[in-house]
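One structure below.
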Amino acid sequence: MNILKGKKAAYFTLGCKLNFAETSSVGQQLRQAGVETVRPGEVADVCIVNTCSVTEVADAKCRQAIHRLVRRHPGALVVVTGCYAQLKPVEVSAIEGVDLVLGSEQKADIVRHVSERLQMMPEERALAAHESLVSRTADIRTFVPSCSCGDRTRYFLKVQDGCDYYCTYCTIPFARGRSRNGRIASLVEQVRQAAEDGGREIVITGVNIGDFGRSTGESFLQLIMALDQVQGIDRYRISSIEPNLLTDEVIQFCAQSRAFMPHFHIPLQSGSDEVLRLMHRRYDTSFFADKVARVHELMPDAFIGVDVIVGTRGETDACFQDSLRFMSGLDVAQYHVFSYSERPGTKALQIPHRVRPQEKHERSQQVLALSEQKLHAFYDRFRGQARPVLLEHSRTPGLMHGFTDNYIRVELQVGAAQPDNVIVPVSLGGWNEADDALCGTIL
């Protein structure tokens, strides 16, 4: 007898695209085992929470999400996994209503764990509640594949997990373990299946994807060359890649490839060389500027998004002003801004200078204002031009949206018969302030 058949599951995910991809894969596994996704208004039998722990705020949001799900789905089996679960299993398992906490190594067996728990009698489940099954970080070895559909047009392909870098501010190596990856042949097969299922765009995800090959002896360049040959997928985007791993060979290949878009996301973290040194980053500002220049040399229209952390330990006012000057002169399209949050166990706690919360907020606002200027300037460059857009339906009748090859968000007024999941030439028009998009007209 299949205890899972006909059961209903609710899912909640916090954090990065990788987390969302992994939750989607968990949902696929449970659906294959007979579990249905809960509909609005229904009470679930199982709640899966995939957590993030990048900041204290993320931890708090995870706790709030668990409390909401416990209230909304009384009696449900509540399983918590993800980075917060791996880093603080005792804290998470103690939350009222949590049945089981699974670490990074154990979430590959989530279907088995759910099945075993649902077979228990109520009194057995009560006795087994608040259990945590979490391996030591050093023992995390498993690579759990994932190629999940984020919507009708876009798939997320997990190619790598874990990180060996140990930047002073970051807990990811403790939460996800050492760098490891899938084999190119297996990843190509997953992409072929996505193409057969109607996928048009693949976002390549992972923790440190440029480090691909640690566990298989392959390379990131070999991976993207193999993926580019899969027919049916029209677009690839690299979700994020460290500047020291974005090699000239990778840039050159993307520039002349069939399907890799002129779009990169490169973490800078700080525009101050002193702060980069304190962070134990593997480059300086000169190296980063040269990398950006090289991308634009080969792909003049490329969208470059950049991650920045403000208010880290050691970021004096002079360091921040240096950082802001550097970022102002950098030819990028957008900054994604994060306020530093102290994480237990990180080496950053040994750095003496601390930034007050109000200063962090003020610095965040300055970088966000700079980012808005950069984004407007980038979009303005292409107004009046025609660019290919992959169409997606919006929730508003008669309105569609999508992204150009170089990641400009576009909104279009269309007739009801216009299909989605097709790439069409679009004339780019005026700025839509409400949605940070350009208005477009299909040619």
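To keep it simple, each residue is scored yes or no on (1) under 30 Å from V337 (Cα atoms); (2) assigned by TED's automatic domain parsing to the domain that holds R117; (3) in contact with a strand residue (DSSP E or B) (Cβ under 7 Å, 6 or more places away or on another chain).
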position	(1), (2), (3)
A33	no, yes, no
V46	no, yes, yes
Q64	yes, yes, no
L69	yes, yes, yes
A76	no, yes, yes
V80	yes, yes, yes
Y84	yes, yes, yes
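Please count how many residues of segment 345-393 are assigned to a loop (DSSP other than H, G, I, E, B) and among the β-branched types (V, I, T). Steps first, please.
Here is the first cut: in segment 345-393, the residues assigned to a loop (DSSP other than H, G, I, E, B) are 345-346, 351-356, 383-385.
Next, only the ones that are among the β-branched types (V, I, T) stay: 346, 351, 355.
Final tally of qualifying residues: 3.
Taking the residues in segment 387-443 that are among the polar types (S, T, N, Q) and in contact with a Leu (Cβ under 8 Å, 6 or more places away or on another chain) as candidates, determine which candidate is modelled with the lowest pLDDT. Give the derivation first.
Initial filter on segment 387-443 (among the polar types (S, T, N, Q)): 394, 396, 404, 406, 413, 418, 421, 427, 432, 441.
This time we only want the ones that are in contact with a Leu (Cβ under 8 Å, 6 or more places away or on another chain), so: 404, 413, 418, 421, 427, 432, 441.
Values: T404: 98, Q413: 89, Q418: 82, N421: 91, S427: 97, N432: 87, T441: 93.
Across segment 387-443, the extreme among qualifying residues is Q418.
Being over 23 Å from the mean Cα position of the chain (by Cα) and small (G, A, S) is the filter here; which residues of segment 395-425 pass it?
G398, G415, A416, A417
Within 17 Å of A175 (Cα to Cα) and not assigned by TED's automatic domain parsing to the domain that holds R178 - does that describe any residue in segment 111-131?
First pass over segment 111-131, keeping only residues within 17 Å of A175 (Cα to Cα): none.
Within segment 111-131, none of the residues are within 17 Å of A175 (Cα to Cα) and not assigned by TED's automatic domain parsing to the domain that holds R178.
Out of the residues in segment 44-64 that are among the aliphatic types (A, V, I, L, M) and modelled with pLDDT under 95, state the one that is surrounded by the most Cβ atoms within 10 Å (Cβ to Cβ).
Initially, segment 44-64 is screened for residues among the aliphatic types (A, V, I, L, M), giving 44, 46, 48-49, 54, 57-58, 60.
When the remaining residues are screened for being modelled with pLDDT under 95, the result is 54, 57-58, 60.
Working: V54: 20, V57: 11, A58: 17, A60: 10.
Checked segment 44-64; the qualifying residue surrounded by the most Cβ atoms within 10 Å (Cβ to Cβ) is V54.
Report the residue count in segment 397-443 for those that are in contact with a Lys or Arg (Cβ under 9 Å, 6 or more places away or on another chain), more than 24 Å from F260 (Cβ to Cβ) and among the small types (G, A, S).
3
Are any residues in segment 256-267 under 11 Å from A302 (Cα atoms) and surrounded by fewer than 16 Cβ atoms within 10 Å (Cβ to Cβ), and if so, which ones?
Scanning segment 256-267 gives no hits.
Can you say whether V90 is outside the structural domain of Q193 (by TED's automatic domain parsing), among the hydrophobic types (A, V, I, L, M, F, W, C), buried (at least 18 other Cβ atoms within 10 Å of the Cβ) and in contact (Cβ under 8 Å) with a residue 24 or more places away in the chain, as far as the supplied structure shows? Steps first, answer last, please.
Working: outside the structural domain of Q193 (by TED's automatic domain parsing): yes; among the hydrophobic types (A, V, I, L, M, F, W, C): yes; buried (at least 18 other Cβ atoms within 10 Å of the Cβ): no; in contact (Cβ under 8 Å) with a residue 24 or more places away in the chain: yes.
No.
Which one of these is of a type outside the set (S, T, N, Q) and in contact with a His (Cβ under 8 Å, 6 or more places away or on another chain): A33, A10? Full working, then the answer.
On the way: A33 fails: in contact with a His (Cβ under 8 Å, 6 or more places away or on another chain).
When all the criteria are applied, what remains is A10.
Would you check which residues across segment 163-186 are more than 24 Å from Q350 (Cα to Cα) and part of a loop (DSSP other than H, G, I, E, B) and list them? Spell out how you get there, then give the answer.
Step one: filter segment 163-186 for residues more than 24 Å from Q350 (Cα to Cα), giving 179-186.
S179, G182, R183, listed by residue number.
The values are calculated or read from the model by the stated rules, or taken from the named source; none is laboratory data. Since the model is a prediction, treat every value here as computed from it, not as a measurement. Positions of Cβ are backbone-derived with ideal geometry, glycine not excepted, and every protein chain shown enters the neighbour counts.
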